[in-house]
Amino acid sequence: AEKKDFKVAWSIYAGWMPWGYAADSGLMKKWADKYGIKVEIVQINDYVESINQYTAGGFDGCVMTNMDALTIPAAGGVDSTALISGDFSNGNDGIVLKKGKSVADLKGQKINLVELSVSHYLLARALDSVKLKEKDVSVVNTSDADIVSVFTSSKDSTAVVTWNPQLAEVAAVKGATKVFDSAKIPGEIIDLMVVNSATLKDNPALGKALTGVWYEMMAKMEAGDTAMLEHMAKASGTDLAGYKAQLATTKMFYKPADAVAFATSAQLPKTMDMVRTFSFEHGLLGEGAKTKDAVGIAFPGGKTIGDAKNVKLRFDAEFMKLAADGKL
Amino acid sequence: MSRVSIDNLWMEYGDQVVLERICLDIPSGEFCAMVGPSGCGKTTLLRLLLSMEQPTRGSIRIDGQPLAAEPGPDRGVVFQRYSAYAHLTVQENVVLGLEFARAPLFGKLWGAKKRQALDEVRHVIDAVGLDQARDKYPGELSGGMQQRLSIAQALVRKPRILLMDEPFGALDPGTKAQMHDLVRALWRAERMTVFMVTHDIKEGFGLSTRVLAFDKVRHDPDAPQAYGATITLNLPLDDKPERAEIVRP
Amino acid sequence: MSRVSIDNLWMEYGDQVVLERICLDIPSGEFCAMVGPSGCGKTTLLRLLLSMEQPTRGSIRIDGQPLAAEPGPDRGVVFQRYSAYAHLTVQENVVLGLEFARAPLFGKLWGAKKRQALDEVRHVIDAVGLDQARDKYPGELSGGMQQRLSIAQALVRKPRILLMDEPFGALDPGTKAQMHDLVRALWRAERMTVFMVTHDIKEGFGLSTRVLAFDKVRHDPDAPQAYGATITLNLPLDDKPERAEIVRP
Amino acid sequence: MGRRIINRRPGKGSALFWGALPFLAVLVLYVVFSALRLAENPGDKLLPALSTIADTIHRLAFTADARSGNVLLWADTASSLTRLGLGLLLSTALGLILGIGTGLIPYVRAGLSPFIAVLSLIPPMAILPILFIVFGLDELSKVVLIVIGIAPFLIRDLALRVEAIPAELVIKAQTLGASTWQIITRLVLPNVWPKLLDAVRLSLGPAWLFLISAEAIAAQDGLGYRIFLVRRYLAMDVILPYVAWITLLAFCMDWALRTMNRRLCPWLARGAS
Amino acid sequence: MGRRIINRRPGKGSALFWGALPFLAVLVLYVVFSALRLAENPGDKLLPALSTIADTIHRLAFTADARSGNVLLWADTASSLTRLGLGLLLSTALGLILGIGTGLIPYVRAGLSPFIAVLSLIPPMAILPILFIVFGLDELSKVVLIVIGIAPFLIRDLALRVEAIPAELVIKAQTLGASTWQIITRLVLPNVWPKLLDAVRLSLGPAWLFLISAEAIAAQDGLGYRIFLVRRYLAMDVILPYVAWITLLAFCMDWALRTMNRRLCPWLARGAS
Ligand SMILES: Nc1ncnc2c1ncn2[C@@H]1O[C@H](COP(=O)(O)OP(=O)(O)OP(=O)(O)O)[C@@H](O)[C@H]1O
Ligand SMILES: Nc1ncnc2c1ncn2[C@@H]1O[C@H](COP(=O)(O)OP(=O)(O)OP(=O)(O)O)[C@@H](O)[C@H]1O
Ligand SMILES: [Mg+2]
Ligand SMILES: [Mg+2]
């Protein structure tokens, strides 16, 4: 029987809030009906758990960053396609110090962060920029839910790497300085809607429905639809001003054309090369991976890096292009 | 019919021999009084008759069959330390035996059936003098009242063999006499085989048709544990008229 | 000196009157046997004397002073349901009273002191016939042995007032006679005031210097709970030579 | 004469006073430290002033949420209590059935007791991905997490209690002709019932903990979800009243179970034994 | 004649067989489902093949980690056990002292019992920020989280057990001249000691749970730390052996406590009562 029912997971983050709105406002149903399918959008609070569930086969699609898409589903043998490049972090991730004013002051500090996450990657990039090594600091794995309280209430915690909304909270602590943020490495931390490649291949309707609803919402957002923004602000547990502040550091691709341009740019493979190098060095590609080439990554236009016979992560621009051309 | 035969039975706890060389052949319907010094093993023999424990050596047969491996309604018991159910009132404790028999599913009767069962046990409760305390819980009873409750509870099922461990120990002479009459009447009517431990020799000779006395016959001063008690006296009271009715082996 | 005076004492549980109008004046050194039908309130009076419960009305005085509001080493007790400490062996149970007195901090003696204390209680353990069972736990004792253990435990502290609730109920005649001698000797030597509940009238008259009989004197057939038992007989046994020594009130 | 401290009992008023004292102490401590922190930094979110908390409570408990039209606190409470109730019910049933089974029947004990012991020692949070795959992510999985969290404790505790029933009582029931099933219904159940309620009371804390953890991972309402949501903003003015509310709810359950125990088991209060 | 099932006891071998059965069943289930999933996707991480797990165990337990130079499993185990041991020790001490206090002394009960009841119902995870201010972020806070997690249970359970000691035994001790303190050392302690060990056994599961949660908050080593770290890339080949290892450690503790109970309380095994 042909598959008609699809499940897509999302979790709370500034750039992904529209998915919640799509479910609540009925827009998702509208677009799914249009292509004769059903799409259930499920909110999962724990980001890692949502990716794990997707990887284990519980969902057909899930939102995640480019790095997690590589290290979790792709490294786990689940052939995944980055259907929509929604935005990239442009200051949404950052490093905040209590003692010190620059990245160089990180040397010798204990840093609270979610290890092996994009925060870790950001830290590595920041250290690179001042020729420091990870050995020069010590990282303390701290869950994202606790990072604000850890930094705010404990004298033991002097440096953190985190993302919004936690970043805004820690940056507001008296005497704290934001010494580095993702605006300095633009386009490297990308927020994606990832779907299972096989499912997508068999059911292009899913890709169309998801892309269609996304860009309808992007248009509303760009136009400053207050009702929608209010809704998303509430859902992320803050108010309109707070949510707008988070959006300000998120480079949203409101127009499908911009997203297509980003996904087809020559910069993307270079970014992914840095990400996979970092991932490999930290063992994120699994013990089976003997080199960083173990998992292949494909880009629009047929370019691949890594093992071309084992392509598990595919950046796709086809559906976004349909949206850009108004063919959805 | 419930003739009890015990053949060369030994019971040991660790290296302590409690009972040794017990041989008995008790005809059905006999009322045996068991006497003997404290700690000699009378309770232990009752526990063995109840299948609560297995003898180290030897065997017990009832009507020629090996003793059932678990306690059952054929053998009723009144324990030395009165042990009624703390969560049931006096009359609920007594009626329990009937409920087990008549409500196979949950062991609990309701409505008219319950009332009927309560009516049936009323005379037993009256006979043990607990009519005033019908709705009290065991925790609210005096020592003697608890002991009488245990007796009433055991009698209701009319077991073929009744094992009683100092059942009248905590009772005043008046109440004790009433209890004697009650047990005696039931024994006569149902032709039960009764084993009763008692420390009151007069009581023993008065009630029973046979007296069994326990004591150690061998002593080793260096290893007092090495020898157990055995039956030193097995005395049928042939002058009792009731003995005439007892089926001879 | 421990003269016990009870003045118009009542005890009620809920709407049940257990004891009523109890008035007593017991000279120091008296040995009182308490007899009465089962459930009439003998144990209850002992509990009151022990400050385990408070009387509903009336008061108890010792040597003119109100009874201490809590149990203490001045009043020893042997409960009706023998209650030794399950986690201590026989000799540890008996020596406990000495340990409490001599080791204020932890209530436990060690080394030479412990050995000395054990030596001191050895004769009591022997006297109650538990020398063979010195190192057994109460769970390994027979009913009568547990009762004897309780007696030994209570005697070791030599209380001024000794309360015993059917202390010899579970004992065979031989052992019982030994116990009588033991208690009697201690009572004579220490001049304790003793209250002993018993169902054995002969034992009561034989041991004691005063017999107290309890019974209900008023009955209401419609409300059997309305009246309690009182002392129907308070009989000093003036023919006993020991009474001469008892200090007169 | 000075009585032993174990024999001195406070009167009713005095008991109330002593009982309230530690709560007052905590409240005073909170107010003092909150004031200190707020004096240093008026924007401090960690220990908000009581007035701030009161405002938040008013908003959460008495004004409808713009987005959903629900009054958040009540909506959250309703969903959480449903999950918790189901989880507790299931766990209690399991505890009763398997606890009595393993405690009473040697063959069941041989087969299940080591397995349940091991099961009770597996930290459920560590194998969450597998649990979610097996039980899905919806209501069921939340209830299951509560059950996995507390049922092994209930089973083991109850089994210990069943084993502690004096052998004489079981033997006596057999001499009265009871079958295994009758022994269970008339002897074992009433005997362990008060203990079961006590055990459930003791596992209320863990049950809430598991509920909150489950709601923090996948839910769109519930008290745990709300706490999780605002935690990233360190909105202690929401978290503290929610925690207090959870504690109050749990305390009411505790109280209800205690009262039930007294009602259903009159023999515990009457008589000494 | 068919005996009642409560009277039928399996022999030693038979008990072993029945005990092993459910474990075998789980193992077989795992192998089957793992094989099914791997057939579909050879890279599947959720249920890795036993051989993969064996390789991972070899790497974790017998080869030094490239990044830190430690053999990870042993280093993690050492830190976790230290924290757990401290937490258990402290909780047991608290449980003993406060449990006996509230169970035995009416004034302490009046003052502390409602407070401890409420304390036991507060979900500790929800008030973590306040714990951080008070106890900092390092080892202490992890130990404290374990204590907060299990001590209230131990205290309440023990208090219930102390209250259940028959009044006659306490009265009798008083007639033998015991002071409150002597009653505690000679009567209450030996009586509740086996119950305390049982309660500690029952709270081993929660203790590990809280340890793991604590190590998820801010840590650089420990079994819980590793599990949360590798959870980021669904490395079930690491998580499963870690969970099994934790369970084994917990089981050994359980066994040790049970054995200790038997050794220290010979009267439980000897005699019927
Ligand atoms: N579980 C046990 N472990 C070890 N020894 C035991 C155990 N049970 C009983 N004994 C010993 O067996 C002997 C006989 O005990 P039993 O209870 O049969 O005596 P008894 O004749 O009933 O005495 P009493 O008249 O005092 O009740 C005693 O010496 C006792 O110490
Ligand atoms: N806790 C209680 N609650 C209600 N009634 C009680 C309680 N304790 C005792 N009673 C009642 O008080 C009465 C006297 O009991 P008590 O134990 O004093 O009798 P006793 O004279 O010692 O009898 P026995 O010789 O049988 O031991 C009994 O009718 C009993 O039911
Ligand atoms: Mg006996
Ligand atoms: Mg009495």
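Is there a residue being within 14 Å of ligand 3 (Cβ to nearest atom) and modelled with pLDDT under 90 anywhere in segment B:57-79? First the steps, then the outcome.
So in segment B:57-79, the residues within 14 Å of ligand 3 (Cβ to nearest atom) come out as B:77-79.
So of that shortlist, the ones also modelled with pLDDT under 90 come out as none.
No, the conditions are met nowhere in segment B:57-79.
On the given criteria, is residue B:45 open to solvent by less than 20 Å² (accessible area, probe 1.4 Å), within 13 Å of ligand 3 (Cβ to nearest atom) and either at pLDDT 90 or above or in contact with a Pro (Cβ under 9 Å, 6 or more places away or on another chain) (or both)?
Here the answer is yes, as residue B:45 does meet what is asked.
Look at segment B:195-227 and say how many of its residues are in contact with a Phe, Trp or Tyr (Cβ under 7 Å, 6 or more places away or on another chain), within 14 Å of chain C (Cβ to nearest Cβ) and exposed (fewer than 13 other Cβ atoms within 10 Å of the Cβ).
Total satisfying the criteria: 2.
Taking the condition of being touching a residue at least 24 places away in the same chain (Cβ under 8 Å) and within 8 Å of another protein chain (Cβ to nearest Cβ), how many residues in segment E:243-271 meet it? Steps first, please.
Keep residues of segment E:243-271 that are touching a residue at least 24 places away in the same chain (Cβ under 8 Å), which gives E:245-246, E:249-250, E:253-254, E:257-258, E:260-261, E:264-265, E:268.
Still in the list and also within 8 Å of another protein chain (Cβ to nearest Cβ): E:246, E:250, E:254, E:265.
Residues flagged as touching a residue at least 24 places away in the same chain (Cβ under 8 Å) and within 8 Å of another protein chain (Cβ to nearest Cβ) within segment E:243-271 amount to 4.
Specify the residue that is nearest to ligand 2 (Cβ to nearest atom); the eligible residues are those in segment B:13-23 that are within 13 Å of chain C (Cβ to nearest Cβ) and touching a residue at least 60 places away in the same chain (Cβ under 8 Å). Steps first, please.
Quick first cut of segment B:13-23, residues within 13 Å of chain C (Cβ to nearest Cβ) only: B:13-19.
When the remaining residues are screened for being touching a residue at least 60 places away in the same chain (Cβ under 8 Å), the result is B:15-19.
Details: B:15: 38, B:16: 33, B:17: 36, B:18: 30, B:19: 32 Å.
Result: B:18.
Taking segment A:9-48, which residues are assigned to a strand (DSSP E or B) and either surrounded by fewer than 24 Cβ atoms within 10 Å (Cβ to Cβ) or in contact with a His (Cβ under 8 Å, 6 or more places away or on another chain) (or both)?
The initial filter retains those residues of segment A:9-48 that are assigned to a strand (DSSP E or B), namely A:9-10, A:38-43.
Result: A:38, A:40, A:41, A:42, A:43.
Can you name every residue in segment D:126-157 that is closer than 25 Å to residue E:44 by Cβ, open to solvent by less than 30 Å² (accessible area, probe 1.4 Å) and part of a helix (DSSP H, G or I)?
D:126, D:128, D:129, D:131, D:132, D:141, D:144, D:145
Please go through segment A:266-285 and give me each residue that is touching a residue at least 24 places away in the same chain (Cβ under 8 Å), surrounded by fewer than 21 Cβ atoms within 10 Å (Cβ to Cβ) and outside any helix (DSSP H, G or I), ordered by number.
A:282 - this is the single residue of segment A:266-285 that is touching a residue at least 24 places away in the same chain (Cβ under 8 Å), surrounded by fewer than 21 Cβ atoms within 10 Å (Cβ to Cβ) and outside any helix (DSSP H, G or I).
Report yes if residue B:230 is within 16 Å of ligand 3 (Cβ to nearest atom), in contact (Cβ under 8 Å) with a residue 60 or more places away in the chain and open to solvent by less than 40 Å² (accessible area, probe 1.4 Å), otherwise no. Full working, then the answer.
Working: within 16 Å of ligand 3 (Cβ to nearest atom): no; in contact (Cβ under 8 Å) with a residue 60 or more places away in the chain: yes; open to solvent by less than 40 Å² (accessible area, probe 1.4 Å): yes.
Against the criterion (within 16 Å of ligand 3 (Cβ to nearest atom), in contact (Cβ under 8 Å) with a residue 60 or more places away in the chain and open to solvent by less than 40 Å² (accessible area, probe 1.4 Å)), residue B:230 does not qualify.
Considering only residues that are open to solvent by less than 10 Å² (accessible area, probe 1.4 Å) and facing chain C (nearest Cβ under 7 Å), which ones fall in segment E:158-183?
The answer is E:172, E:174, E:175, E:176, E:178, E:182.
Which of the strands (runs of 3 or more DSSP E) contained wholly in segment A:142-211 include at least 3 residues that are closer than 13 Å to residue A:95 by Cα?
On the way: elements: A:159-163, A:177-181, A:190-196.
Passing ranges, in order: A:159-163, A:177-181.
Just wondering, is there one or more residues in segment E:141-152 that are modelled with pLDDT under 95 and farther than 21 Å from residue E:201 by Cα?
Yes, because at least one residue in segment E:141-152 is modelled with pLDDT under 95 and farther than 21 Å from residue E:201 by Cα.
Out of curiosity, is residue B:116 in a loop (DSSP other than H, G, I, E, B) and open to solvent by 20 Å² or more (accessible area, probe 1.4 Å)? Steps first, answer last, please.
Working: in a loop (DSSP other than H, G, I, E, B): no; open to solvent by 20 Å² or more (accessible area, probe 1.4 Å): yes.
No; evaluated as a whole, the condition is false for this residue.
If you check B:146, B:80, which single one turns out to be in contact with a strand residue (DSSP E or B) (Cβ under 7 Å, 6 or more places away or on another chain), open to solvent by 20 Å² or more (accessible area, probe 1.4 Å), within 16 Å of ligand 2 (Cβ to nearest atom) and under 26 Å from residue B:41 (Cα atoms)? Reasoning before the result, please.
Numbers: B:146 fails: in contact with a strand residue (DSSP E or B) (Cβ under 7 Å, 6 or more places away or on another chain).
Unique residue meeting the criteria: B:80.
Starting from segment B:164-179, take each residue that is assigned by the TED database to the domain that holds residue B:199 and list its partners that are among the polar types (S, T, N, Q) and away from ligand 4 (no atom under 15 Å from the Cβ), counting only C-beta distances under 6 angstrom and pairs at least six apart or across chains.
Close Cβ pairs (under 6 Å, with a partner that is among the polar types (S, T, N, Q) and away from ligand 4 (no atom under 15 Å from the Cβ)) amount to B:165/B:43; B:165/B:80; B:166/B:80.
Just need a number here: residues in segment A:230-242 that are within 20 Å of residue D:227 (Cβ to Cβ) and either basic (Lys, Arg) or not in a loop (DSSP other than H, G, I, E, B) (or both). It would help to see each step written out before you state the result.
Taking segment A:230-242 as the starting set, the residues that turn out to be within 20 Å of residue D:227 (Cβ to Cβ) are A:233-239, A:242.
Those left that are additionally either basic (Lys, Arg) or not in a loop (DSSP other than H, G, I, E, B) (or both): A:233-235, A:242.
Qualifying residue count, segment A:230-242: 4.
Find all pairs meeting these conditions: Cβ atoms under 7 angstrom apart; at least six residues apart or on different chains; first residue within segment C:67-94 and at the interface with another protein chain (Cβ under 7 Å from one of its Cβ atoms) and in contact (Cβ under 8 Å) with a residue 60 or more places away in the chain; second residue within 16 Å of ligand 4 (Cβ to nearest atom) and open to solvent by 30 Å² or more (accessible area, probe 1.4 Å).
Correct list of pairs: C:79/E:168; C:80/C:43; C:83/E:168.
Taking segment E:36-52 on its own, how many of its residues are in a helix (DSSP H, G or I) and either touching a strand residue (DSSP E or B) at 6+ places or on another chain (Cβ under 6 Å) or closer than 18 Å to residue A:78 by Cβ (or both)? Before you say what the answer is, go through the steps one by one.
At the first step, the residues of segment E:36-52 found to be in a helix (DSSP H, G or I) are E:36-40, E:50-52.
From what's left, either touching a strand residue (DSSP E or B) at 6+ places or on another chain (Cβ under 6 Å) or closer than 18 Å to residue A:78 by Cβ (or both): E:36-40, E:52.
Total meeting the criteria: 6.
Results for (1) charged (D, E, K, R); (2) within 14 Å of ligand 2 (Cβ to nearest atom); (3) open to solvent by 40 Å² or more (accessible area, probe 1.4 Å), shown as yes or no for each residue.
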{"position": "B:85", "(1), (2), (3)": "no, no, no"}
{"position": "B:109", "(1), (2), (3)": "no, no, no"}
{"position": "B:131", "(1), (2), (3)": "yes, yes, yes"}
{"position": "B:150", "(1), (2), (3)": "no, yes, no"}
{"position": "B:154", "(1), (2), (3)": "no, no, no"}
{"position": "B:157", "(1), (2), (3)": "yes, no, yes"}
{"position": "B:163", "(1), (2), (3)": "no, no, no"}
{"position": "B:172", "(1), (2), (3)": "yes, yes, no"}
{"position": "B:178", "(1), (2), (3)": "no, yes, yes"}
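Is it the case that some residue within segment B:168-191 is at pLDDT 90 or above, within 16 Å of ligand 3 (Cβ to nearest atom) and out of contact with any helix residue (DSSP H, G or I) (no Cβ under 6 Å at 6 or more places or on another chain)?
No, because not a single residue in segment B:168-191 is at pLDDT 90 or above, within 16 Å of ligand 3 (Cβ to nearest atom) and out of contact with any helix residue (DSSP H, G or I) (no Cβ under 6 Å at 6 or more places or on another chain).
Just give me the residues in segment C:126-166 being within 16 Å of ligand 1 (Cβ to nearest atom), away from chain E (no Cβ under 14 Å) and closer than 20 Å to residue C:192 by Cα, in sequence order.
The answer is C:128, C:148, C:166.
Among the numbered criteria (1) at pLDDT below 90; (2) open to solvent by 20 Å² or more (accessible area, probe 1.4 Å), which one does residue D:260 miss?
The single condition residue D:260 does not satisfy is (1).
List the residue pairs whose Cβ atoms are under 6 Å apart, where the first residue sits in segment C:44-55 and is assigned to a helix (DSSP H, G or I), the second is charged (D, E, K, R), and the two are 6 or more positions apart or on different chains.
Within 6 Å, the pairs are C:46/C:165; C:47/C:53.
If residue B:37 meets every condition in (1) farther than 30 Å from residue D:193 by Cβ; (2) within 16 Å of ligand 1 (Cβ to nearest atom); (3) under 16 Å from the mean Cα position of the chain (by Cα); (4) open to solvent by 10 Å² or more (accessible area, probe 1.4 Å) apart from one, which number is that one?
Every listed condition holds for residue B:37 apart from (3).
Picking from A:138, A:197, A:157, which residue would you name as being under 30 Å from residue E:223 (Cα atoms), among the hydroxyl-bearing types (Ser, Thr, Tyr) and open to solvent by less than 30 Å² (accessible area, probe 1.4 Å)? Talk me through it step by step, then tell me what you get.
Values: A:138 fails: open to solvent by less than 30 Å² (accessible area, probe 1.4 Å); A:197 fails: under 30 Å from residue E:223 (Cα atoms).
Criteria check complete, one pass: A:157.
Give me the residue from segment A:107-137 that is among the polar types (S, T, N, Q) and more than 7 Å from chain E (Cβ to nearest Cβ) and, out of that set, farthest from residue E:140 (Cα to Cα). Full working, then the answer.
Looking only at segment A:107-137, we keep the residues that are among the polar types (S, T, N, Q), and these are A:109, A:112, A:117, A:119, A:129.
Now narrow it down to the ones that are more than 7 Å from chain E (Cβ to nearest Cβ): A:109, A:119, A:129.
Values: A:109: 20, A:119: 26, A:129: 36 Å.
Filtering first and then ranking leaves A:129.
The values are calculated or read from the model by the stated rules, or taken from the named source; none is laboratory data. In this text the structure is predicted, and so the values were computed from the model without any measurement. Quick reminder, even Gly has a Cβ in these numbers, built from the backbone with ideal geometry, and neighbours come from all protein chains shown. All accessible areas refer to the heavy atoms of the entire protein, side chains included, with ligands and DNA or RNA removed. Shrake-Rupley method; radii C 1.70, N 1.55, O 1.52, S 1.80 Å.
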